[in-house]
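Read the structure below first, then the notes.
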Amino acid sequence: MSRHRPSSARHYPRTARLNELLREIVAEELERIDDERLTMVTVTGVDCDADLGHATVYFDSLSGAEGDDETLAALAEVRYLLQRAVARQARIKRTPELGFEPDPAVRTAERLEAVLRTLPEVASTTPAAGERLIEEQKDYYRARAPEYEQWWDRSGRYDLGDDEHRRWVDEVEQLEAAVDSAQLTGWVLELACGTGVWTRPLSQRADRLHAVDASAEVIELNRARLPEGHCPVTFEQADLFDWEPSECYDSVFFSFWLTHVPAGRFGAFWELVDRALVPGGQFFLLDNAGPYNITDDLDDPLGPGVTRRQLADGREFDIVKQYYEPAELADRLADLGWDAHFATTDSYFLYGGGRRAGHGSN
Ligand SMILES: C[S@@+](CC[C@H](N)C(=O)[O-])C[C@H]1O[C@@H](n2cnc3c(N)ncnc32)[C@H](O)[C@@H]1O
């Protein structure tokens, strides 16, 4: 139980001194009481009426608002003990009747903090919150590795039923055709390669492939699932927000990754893509087209840019999910010096690619 003493009671007006004295008495008495329900409770203040008829004891608890009912019930049961301690120790004419309330100031601050955490600008761009989200996103994919491809196969809890499944397969075929026509040959870099949904086809077109991902778990699955006849593939476990390419590649490919790049790191990410490419090299990307499609049924948007995801075992993670319209993405990249073109399939996917402006079109 925490408590704070004023540095000098002499400067307090009379009622403030009395309030602080009552707070200390109640807090000390609570420490003596052996009740599990009260061990996490802190007495944050006391507000006593001028006529000493009533004193409200404000508290906070580590169990937060959800634990208030239990805390209030426990306090009501021990009220007579607290009342007696005040009567014995306060040496005042009359012992005020004690009442108990959760501290509204603390609750307002907690609520404000919770709201701020959900704001995309705060969640993804203030340094501390942004770092937290990036770590949580890595944890999420590490934990999701074994079940990840159910999403791609539309099996298990991602099963859409026959009609939607057919549409999904059609649109996946469109992506495969688009990747084919991009001719990702030569030395290819795959960012955030995951369990290998796209590493597999890339490894049959590229001459050499280097695949990077933050998760050792997904890399292990990816390596094990490489098809026969694949080109030489090297894997690297690294955080892309803290990674530098040591080579230059003919093509950089990333699927279902750009939407996980926080808004505040968009420019830095594209600088990384630029540094990874040989002059005139191309990038190609695939991603979700938007939040309002069936692939995101299991998303719980916390606001633009941040989403809460749940694994099959119920664990929840907050991650970055930042969607783009094709034209908007092309415009933003043009501002950064890229010549890029994007399209969407009917429902699910965004795809396209480009090069540095002045190096020919895609
Ligand atoms: C949506 S999955 C996409 C995987 C794969 N590209 C695909 O299309 O199936 C996102 C991938 O990003 C990886 N990842 C998450 N945060 C990362 C980070 N900071 N650096 C590198 N990889 C990261 C995850 O481990 C996961 O494999």
Note to self: Tell me the relative contact order for the chain as a rounded percent, counting alpha carbon contacts under 8 Å between residues six or more apart.
What the structure shows: 12 percent
Notebook entry, point to check: Using mean Cβ contacts within 10 Å as the protection proxy, how do 248-254, 227-233 order, highest first?
Noted result: 248-254, 227-233
Item checked: Most mobile listed residue (GLN137, GLN322, GLN310) in the chain, GNM with C-alpha springs under 10 Å -> GLN310
Note to self: Using helices alone, I'd like the mean residue ellipticity at 222 nm for the chain: each DSSP H run of four-plus residues gives -39500 (n - 2.57), total over residue count, nearest 500.
What the structure shows: -12000 deg cm²/dmol
Notebook entry, point to check: What does the charge count near LEU72 come to, summing +1 for each Lys or Arg and -1 for each Asp or Glu among other residues with Cβ under 11 Å from its Cβ?
Noted result: -3
Next item on the list: Report the net charge of residues surrounding ARG225, where surrounding means a beta-carbon distance below 12 angstrom and charges are Lys +1, Arg +1, Asp -1, Glu -1.
Entry: -1
Checklist line | Inter-label distance, nm, simple model (7 Å from Cα along the C-beta direction), ALA50/ASP162 | finding: 8.0 nm
Next item on the list: Please build a GNM for the chain, connecting alpha carbons under 10 Å apart, and tell me which residue among VAL273, VAL78, VAL197 fluctuates the most.
Entry: VAL78
Note to self: Please report the net charge: other residues with Cβ closer than 11 Å to the Cβ of TRP198, K and R +1, D and E -1.
What the structure shows: 0
Note to self: Suppose a student asked you for the relative contact order of region 200-339, using Cα pairs under 8 Å spaced at least 6 residues apart; what percent would you report?
What the structure shows: 19 percent
Note to self: For a quick check: with amide H placed at 1.01 Å from N, whose amide H comes under 5 Å from MET40's, ignoring anything fewer than 5 positions away on the same chain?
What the structure shows: none
Notebook entry, point to check: How long are the semi-axes of the ellipsoid equivalent to region 144-356, from square roots of 5 times the Cα gyration tensor eigenvalues, in whole Å, largest first?
Noted result: 25, 21, 18
Margin query: Please compute, over every Cα-Cα pair in the chain, the percentage with a separation greater than 30 angstrom.
Written below: 52 percent
Next item on the list: Return a whole-number percent for the relative contact order of region 1-102, with Cα pairs under 8 Å and 6 or more residues apart as the contact set.
Entry: 30 percent
Check: If you place +1 on the Cβ of every Lys and Arg and -1 on the Cβ of every Asp and Glu, how big does the dipole about the Cα centre of the chain come out, in debye to the nearest 20?
Finding: 1680 debye
Check: To the nearest 0.05, what FRET efficiency results for GLU236 and GLU70 with a Förster distance of 51 Å applied to their C-beta separation?
Finding: 0.50
Checklist line | Within a Gaussian network of the chain (alpha carbon springs, distance under 10 Å), most fluctuating of ALA192, ALA87, ALA334 | finding: ALA87
Margin query: Give me, ordered by chain and number, the residues 5 or more places off VAL306 or on other chains with an amide H under 5 Å from its own placed amide H.
Written below: LYS321
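Values in this text are rule-based calculations from the coordinates and carry no lab data. The structure displayed is predicted, hence computed values, not measured ones. Counting neighbours? That spans all protein chains shown, and the Cβs are built from the backbone with ideal geometry, glycine included.
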